[in-house]
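Below is one structure, written out as structure tokens; comments come after it.
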């Protein structure tokens, strides 16, 4: 008849330490993943229009930009986030520069 309410049992300190270590590793992995994606995006965005006449590589670089914008917001280390945001800005500028170059032809 009576429902027993669950009680909160604190985690042992060793479990909290392991959880913190796992979180730190996950954050480092996320930063590495974003960094690599942005490097690829910068390379793709830098391809000359005559090599990528159909704009396929430029489109892929734009997709990378869109995907990484959302992921950068998840980075907790503010120094790493700022570094990645600077790279995002460089990629956006590269994409915008190629778009205006293509429009001027």
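The values are calculated or read from the model by the stated rules, or taken from the named source; none is laboratory data. Small disclaimer: the values here were computed from a predicted structure and weren't measured. Every residue, glycine as well, gets a Cβ built from its backbone with ideal geometry; the counts of neighbours run over all protein chains shown.
Values as computed for the structure displayed
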item: Subset of the range 1-17 [within 38 Å of the chain's Cα centre (by Cα) and either exposed (fewer than 10 other Cβ atoms within 10 Å of the Cβ) or at pLDDT below 70 (or both)]; result: 8, 9, 10, 11, 12, 13, 14
item: Any hit, the range 53-67, residues being out of contact with any helix residue (DSSP H, G or I) (no Cβ under 9 Å at 6 or more places or on another chain), free of Cβ contacts under 8 Å to residues at least 40 places away in the same chain and outside any helix (DSSP H, G or I); result: yes
item: Tally, over the range 53-88, of residues that are surrounded by 15 or more Cβ atoms within 10 Å (Cβ to Cβ), within 16 Å of residue 43 (Cβ to Cβ) and under 9 Å from the mean Cα position of the chain (by Cα); result: 4
item: Subset of the range 42-52 that is farther than 19 Å from residue 84 by Cβ and either in contact (Cβ under 8 Å) with a residue 24 or more places away in the chain or under 25 Å from the mean Cα position of the chain (by Cα) (or both) - its residue that is surrounded by the fewest Cβ atoms within 10 Å (Cβ to Cβ); result: 48
item: Answer residue from the range 18-50, given it is modelled with pLDDT of 85 or more and not in a helix (DSSP H, G or I) and is nearest to residue 90 (Cα to Cα) among those; result: 46
item: Hits in the range 68-90 (condition: part of a helix (DSSP H, G or I), in contact (Cβ under 8 Å) with a residue 40 or more places away in the chain and closer than 15 Å to residue 33 by Cβ); result: 71, 80, 84, 87, 88
